[in-house]
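The values are calculated or read from the model by the stated rules, or taken from the named source; none is laboratory data. For clarity, every value in this text was computed on a predicted model and none was experimentally measured. For neighbour counting, all protein chains shown are included, and Cβ atoms are generated from backbone atoms with ideal geometry for every residue, glycine included. Areas reflect the complete protein model, heavy atoms only, side chains present, ligands, DNA and RNA absent. Shrake-Rupley method; radii C 1.70, N 1.55, O 1.52, S 1.80 Å.
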Amino acid sequence: MAGIPSIGTELYLVKDGDETADLKIAHLTSAGAIKGTAEEIDVTDHDSPNGNKEYMAGAVDYGTFDFTGNVNDKTLVSKLYTLLNSKVKRSWYVKYKDGSRADFDGPLQSFGMDEQTTDGLITCSGSIRISGTPEYQATPTTE
């Protein structure tokens, strides 16, 4: 097999409180990447070999998980606006075509309707600010 197809990738908001099921963020047209970048800490001192700079890795920042989608469910749009305004950190997961998934926490940092054109669909986009360390599960899971 050449690789895992990206079509079929799904984004879910994990149920919380009195919610009865995880909420699928449906009709995605683009699902972002979960990619970390380590800060660099300058540890250069007067004894550094040959007068060269030396570094060590610092805290890892996983940035944002960005998504876009077609608007088919106005109730979902309303729920995402409510979540954005709540400023609450929630649990999320991305489920891939092969059943593997990536779990992460974070608040919905941005969400809104995109520009509407005369020859297109109504779309929306958002960003989830990843907080902490995401966890990738290579083995398919059951919900």
Legend entry - Charge dipole magnitude, Cβ of K and R +1, D and E -1 - region 16-143, Cα centre, debye nearest 20: 520 debye
Legend entry - Heavy-atom accessible surface of the chain: percent carbon and sulfur, 1.4 Å: 49 percent
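When the solvent-accessible surface of protein heavy atoms is calculated with a 1.4 angstrom probe, in what order do Leu121, Leu84 fall, highest first?
Leu121, Leu84
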Legend entry - Accessible solvent surface per residue of the chain, calculated while the other protein chains remain in place, 1.4 angstrom probe, Å²: 66 Å²
Legend entry - Residue-by-residue Karplus 3J(HN,Hα) for region 51-66, coefficients 6.51, -1.76, 1.60, Hz, glycine and proline x: x, 8, 5, 10, 9, 9, 6, x, 4, 9, 10, 8, x, 10, 9, 9
Inset, instruction - Order the following by accessible area, largest value first: Lys35, Lys79, Lys95. Probe radius 1.4 Å; ligands, DNA and RNA are ignored. - result: Lys35, Lys79, Lys95
Legend entry - Extreme residue, positive dipole direction of the chain, given options Leu28, Phe104, Thr44 (C-beta unit charges): Leu28
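Return the calculated 222 nm mean residue ellipticity for the chain, to the nearest 500 deg cm²/dmol, obtained by summing -39500 (n - 2.57) across DSSP H runs with n ≥ 4 and dividing by the residue count.
Calculated at 222 nm, the ellipticity per residue is -3000 deg cm²/dmol.
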Legend entry - In order through region 5-19: 3J(HN,Hα) via Karplus (6.51 cos²θ - 1.76 cosθ + 1.60), integer Hz, x for Gly, Pro: x, 7, 5, x, 5, 10, 10, 10, 9, 5, 4, 8, x, 8, 5
Inset, instruction - Using Cα centres only, tell me the gap between region 118-141 and region 38-100 in whole Å. - result: 11 Å
Legend entry - Asp61, Asp119, reordered so the largest accessible area comes first (probe 1.4 Å): Asp119, Asp61
Legend entry - Lysine-lysine proximity count for the chain, Cα under 18 Å, sequence distance 8 or more or distinct chains: 13
Legend entry - Given charges at Cβ of Lys, Arg, Asp, Glu: region 21-143 dipole, positive-most of Thr64, Tyr136, Thr123: Thr123
Legend entry - Packing-based ranking, highest mean first, of 43-52, 6-15 given that Cβ atoms within 10 Å are counted: 6-15, 43-52
Inset, instruction - Pull up all non-local amide H partners of Gln109: gap of 5 or more, or a different chain, and H-to-H distance under 5 Å with H placed in the peptide plane. - result: Ser127, Ile128, Arg129
Legend entry - In degrees, nearest ten, helix 74-86 long axis to first principal axis of the chain (Cα): 40 degrees
Inset, instruction - List the relative contact order of the chain as a percent without decimals, with contacts defined as Cα pairs under 8 Å and 6+ residues apart. - result: 24 percent
